[in-house]
Amino acid sequence: MNETEQENCLYVYAILNTATEQNLGPIGINDNPVYTIVYKDIAAAVHFSEKKPEPAKNEQQAKEWVFTHNYAIDKMTEKFGTLLPFSFGCVALGNDETIRFWLQKNYEPFKSELEKLNGTAEYLVQIFYDPKILAEKVLKNSTELQALNAKIQGMSKGKGYILQKQFDVRRDQAITQELSKLGAEFGRSIHENVKEMIPEEKKSNVPEKFKGKKSVIALSCLVSNENVENLGQVLEQINEHEGFAVRFTGPWAPYSFIDLKKDFEHT
Amino acid sequence: MMPEREDDSLVELLDRLLKKGLVLNADVLITVAGVPLIGLSLKLLAAGIETMLEYGIFEQFDQTTRAWALEHRVTSPTLMEEEEKKLNFFGSYSQNQGKAWNYGYMYLTNRRIFGWHKAFNKILYEVKLKDILEVVLVTNVHEETERKELCIKINNDSVLSLHSINIEEVHDALISEIYSE
């Protein structure tokens, strides 16, 4: 064995609330036992890792690891309440003492973040609309579009093409208007029931179930446990709007809401 | 309605696990009592395991994965019987006049035009030539510059827009393929 493999490394899952050193069982990636390294009343959950862990053999295995990582986070959340989750694949070079010293050094920001997030979880709210239904709706409500449409009907395909384009643009504008009006309305009612919300930057994935629909907005929401039901009711009402559908997923650990950079700057 | 974690929330899960959450990196923490706390973070550029392998984010650990990718790399898409490649080019495409333009390798054959994801041998979109209603070269403004885009109208009301450096050549080739079909 070469010397790098003897160096101690730790795969880090999360920072959580506990004052007790404990073994959490073989819930880690590749059935590694996960344990806590404590400083005062906070702890890091880790498993022992080689410095150069074996790479994933294939996509299936990589997927399993990601799921296992998340399973470990879920188990720990059950046991310790809201925690600060690490990204997948963070390996720290050092032993338990290194980690403990690191917790000590950053105790304040970790602790304040844990307190801020206590009793909350992250949810994803996606709102989709059906372009066909919305197109019908705006056509019904606009005399201008109706007139344009009637004109096109009487023309040959070639002649009608430009007019059709014009119609499409106007209709899309009307749809956008309708969407932004409703979107603001939806946003307000969601906002009343969440502690924080962040629009997802990435173009939202449209799951199979919502095929043919388009995304209006995707929001990561930090929600207090006692507010989840209220939020669910609000979303149900949005879901009942004709032409709209809501996807409500979670709970997740508060991946999107950890803001340590800010805290670190303070210290 | 109650929140769910369905099978298809994998994307959301990956999004969080790979792109968000705490990381051990330079702007958060580096040394502890003079001992460097190195973060071997596998943070990704984009979600999805496929992307993960493609971008080689296991790279830091991983030569095997790259070997795997090399072994499994396919250099051209599988064509149907009696299908013949006429033109291939690198470009971007956008569906149904959406704002998002994605890049990919495009293939024009005597049967269809399609986009192909090289690393994963996956068809990104495909349009059969016989389903094409109309092909127009239009001038559009994209990121504040004018450029030519190829607008392909398809049977079921959808529109595919293509752009590439040689879009005029693509246009001509496509027209001639449609007519010869």
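We did not get these values from a lab; they are worked out from the coordinates using the rules stated. As the structure is a computational prediction, the values presented were derived from the model and not from experiment. Using ideal geometry, Cβ is built from the backbone for each residue, glycine included, and neighbour counts are taken over all protein chains shown.
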| Highest GNM mean-square fluctuation, chain A, Cα pairs closer than 10 Å: which of A:Pro251, A:Pro199, A:Pro207? | A:Pro207
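Under the classification rounded if a/c is under 1.5, otherwise prolate if a/b is larger than b/c and oblate if not, where does segment A:205-263 fall, given a ≥ b ≥ c as square roots of the Cα gyration tensor eigenvalues? The partial results should precede the final answer.
On the way: a/c = 2.73, a/b = 1.59, b/c = 1.72.
In terms of gyration-tensor shape, oblate.
Quote to one decimal, in nm, the extra length available between A:Lys75 and A:Ser142 on full extension: 0.36 nm per residue of separation minus the C-alpha distance between them. Mind showing how you got there, number by number?
Working: separation 67, 0.36 × 67 = 24.12 nm, distance 5.40 nm.
Between A:Lys75 and A:Ser142, full extension yields an extra 18.7 nm.
For an R0 of 25 angstrom, estimate the FRET efficiency from the Cβ-Cβ distance between B:Glu84 and B:Val138 and round to the nearest 0.05. Show your work: numbers first, answer last.
Values: r = 28 Å, r/R0 = 1.13.
FRET efficiency, B:Glu84 to B:Val138: 0.35.
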| query | Which length gain, in nm to one decimal place, applies between B:Gln95 and B:Asn166 when the Cα-Cα distance is subtracted from 0.36 nm times their residue separation? | reply | 23.6 nm
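According to the square roots a ≥ b ≥ c of the eigenvalues of the Cα gyration tensor, what is the shape class of segment A:3-118, taking rounded for a/c under 1.5, prolate for a/b larger than b/c otherwise, and oblate for the remainder? Mind showing how you got there, number by number?
Details: a/c = 2.02, a/b = 1.33, b/c = 1.51.
Note, shape of segment A:3-118 comes out oblate.
Taking 22 Å as the cut-off for C-alpha to C-alpha distance, list the pairs among A:Lys151/A:Lys213; A:Lys137/B:Lys153; A:Lys40/A:Lys111; B:Lys86/B:Lys153; A:Lys137/B:Lys130; A:Lys111/B:Lys20 that go past it.
Numbers: A:Lys151/A:Lys213 29 Å; A:Lys137/B:Lys153 24 Å; A:Lys40/A:Lys111 10 Å; B:Lys86/B:Lys153 20 Å; A:Lys137/B:Lys130 32 Å; A:Lys111/B:Lys20 19 Å.
Too far apart for the 22 Å limit: A:Lys151/A:Lys213; A:Lys137/B:Lys153; A:Lys137/B:Lys130.
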| Simple spin-label model, 7 Å along Cα-to-Cβ: A:Gln237 to A:Tyr161 in nm? | 4.8 nm
